[in-house]
Each structure stands twice: as C-alpha cells, then as structure tokens.
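These notes concern the structure reproduced below.
The values are calculated or read from the model by the stated rules, or taken from the named source; none is laboratory data. Keep in mind it's a predicted model, so treat the numbers as computed, not measured. Glycine gets a Cβ as well: all are built from the backbone with ideal geometry, and neighbour counts include every protein chain shown. Just the protein is used for accessible areas: all its heavy atoms, side chains included, with ligands, DNA and RNA removed. Shrake-Rupley method; radii C 1.70, N 1.55, O 1.52, S 1.80 Å.
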Amino acid sequence: MADPPLNIGGGSLLIAWQLQDKNVLIVGGGEVASHRIDSVLTADAHITLVAPVKGLHARTKGLIDMYPSRITYYDRRFSGPDEIHKMDMVLTALDDAKYSRDICEMCRKARVPVNAADIPELCDFYFGAQIRDGPLQIMISTNGNGPRMAALMKKKIQTALSGKEGEAIGRVGVLRAQLKKRAPPLPPSGHAPDGGVLGRRRMKWMSEVCNNWELEDLTQLDDATITKLLDEGWEKNVVPTLDQLKGRRKRRQPVSQFSQWLPAVGSFALGAVCATLVLWARKR
C-alpha cells in the first residue's frame, strides 16, 4: 500500500473552471474589477457588470467599450437577490466589506459560487497569480494567506520559462487532434470494440512524443511534420526524432565554453606537474 501524502488538509482544490458561454456577474467597477474582467474574458464567458459610472476605473471603462458584445454594463448599484438569478458565478470588487458580505450571503442562499475581493474567508475560490502563454495556464495560490507572495512566486517561475512553452503546447494540441482522427476515442455508448487498447496506446504514444522531443522540436510541428510523424511514427508504433523525420544527421550537442577550454587547462596542469617532478629529481 502506498504511503499517504504528507500534507493533508488546509489547502484548496486547484482546478481549471470552464466558463465558456456561462454568465458571470461582477459587482464594482474599480481597478480590481478590471482584472476580474480580464480573467473572465479569457474564459469566454458573458459578463454582467453592475457599478455606478462615477466609480468606473479608466481601464474598466476601456474594456466595456472594447467588448460590448461580451460585457453588459449597468450604471447603478447592486439591487438585490434578483441580480443573482441565472448567474453561474458572482465576483465582488468593492471597497465596502459589509456590502460584499451581504452579496456573498445572498449567493450562498442561491447556491451560486462567489469570490469577494480581498476577503478570503468569504470566497468559494481564489484567483491567485496567473501566468498565461497561449494554452499554457499556471496559477500560483497562497490559499488566501499572502497574495503578494504569490506575485513574487510568479516572477520566479516566469524567469524559468523560455517563452516557447505556449507555442509547443499549441502544436502538441494539433498533433493530438490529428491523432484522434486516426485513433478515435470511445464512442458515445462508452463501449470500445477493442476493450480500450487503442485508447491506451494513443495516450502512451503521445506521452512518449512529449517526453522524447525537445521543447524546441515541438514548436516545429507544422502540419506537414505532423502528418509525417503520424505516418512514420504512430502507424509503425515508434517515436522517431525530428532529425529522423527530416532526414538529418543527429545534431551535435552544443559544446559549452567550459568544455572547450578544459583540455587546454588539463594539458597545462599536466605540463606543470611534469616540470616540477624534473626539477625535484635534479635537486636530489
């Protein structure tokens, strides 16, 4: 029996929440609200924004003007529980903590998930610091303990990324979609004629491609290369390298400056030792 995880309890369930075509209510129009709008727009949801125009941040107003088909704006205060009906999520971005608490209580009664900016104990979920690069999404959460620390962790992680990860993931997504056409997943009935063997083989082969190919190579998966990889790789149940697909010799690993001058240093050191031994022998 496997050992249980050491850290149990006190955390949050980190998930990617699908909001496409869902309805999200945002109460408040300040700078924090503008960041909430950013996150929700990325998820392809429909936004209802309620806030007096005199309290609108310039960035919030700009987003309203830029996305009129995605954001429905009402120049007024939140009116009560009726605002929550037909909403899939509610976000408050208000300076008035009591006002936020009242809205959160209404959401609890209506069983609608809610997030209250800067009041973690009222939140059903947190936003955290986010890194986005195309399909790559990374969330850093402190579970409500220190948002500023999440921002610092975000900077550390960003410095470790090459900037090509999103492109590579996007090309892998295209490869995966093309592979599914050749090896379709389970039919709607859920019954696989081969007992699911084909699906397991598909997942194993994709894993091997991702493990064996370099990140730089994955970014070169254009449509022609994908077709060739499926023809010569998937169909033959092997994972050829990019060099093999393109008929190139295996690329030499780059030689570091250290390894270039290391032999010279070694020769110099050996010569110095030999000279020292000769002088020592003469003195004797």
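Scan G163, G170, G146, G128 and give me the residue that is among the small types (G, A, S), closer than 26 Å to I37 by Cα and in contact with a Gly (Cβ under 9 Å, 6 or more places away or on another chain). That would be G170, the only listed residue that is among the small types (G, A, S), closer than 26 Å to I37 by Cα and in contact with a Gly (Cβ under 9 Å, 6 or more places away or on another chain). Just to be sure, is S12 among the hydroxyl-bearing types (S, T, Y), assigned to a loop (DSSP other than H, G, I, E, B), surrounded by 12 or more Cβ atoms within 10 Å (Cβ to Cβ) and at pLDDT below 95? So S12 fits the description; yes.
Can you report the number of residues in segment 195-226 which are outside any helix (DSSP H, G or I) and open to solvent by less than 60 Å² (accessible area, probe 1.4 Å)? The qualifying residues number 5.
Checked against (1) open to solvent by 20 Å² or more (accessible area, probe 1.4 Å); (2) within 31 Å of the chain's Cα centre (by Cα); (3) at pLDDT 95 or above, M89 passes all but a single condition, namely (1).
When you scan segment 98-118, do you find a residue that is farther than 27 Å from G10 by Cα, touching a helix residue (DSSP H, G or I) at 6+ places or on another chain (Cβ under 9 Å) and open to solvent by less than 20 Å² (accessible area, probe 1.4 Å), even just one? Within segment 98-118, not a single residue is farther than 27 Å from G10 by Cα, touching a helix residue (DSSP H, G or I) at 6+ places or on another chain (Cβ under 9 Å) and open to solvent by less than 20 Å² (accessible area, probe 1.4 Å). With the structure loaded, tell me whether L41 is hydrophobic (A, V, I, L, M, F, W, C), closer than 26 Å to D133 by Cα and open to solvent by 80 Å² or more (accessible area, probe 1.4 Å) or whether it fails that test. Spelling it out, it is not the case that L41 is hydrophobic (A, V, I, L, M, F, W, C), closer than 26 Å to D133 by Cα and open to solvent by 80 Å² or more (accessible area, probe 1.4 Å). Residue count for segment 159-189, restricted to those that are loosely packed, with under 13 Cβ neighbours inside 10 Å and closer than 30 Å to D118 by Cβ: 2.
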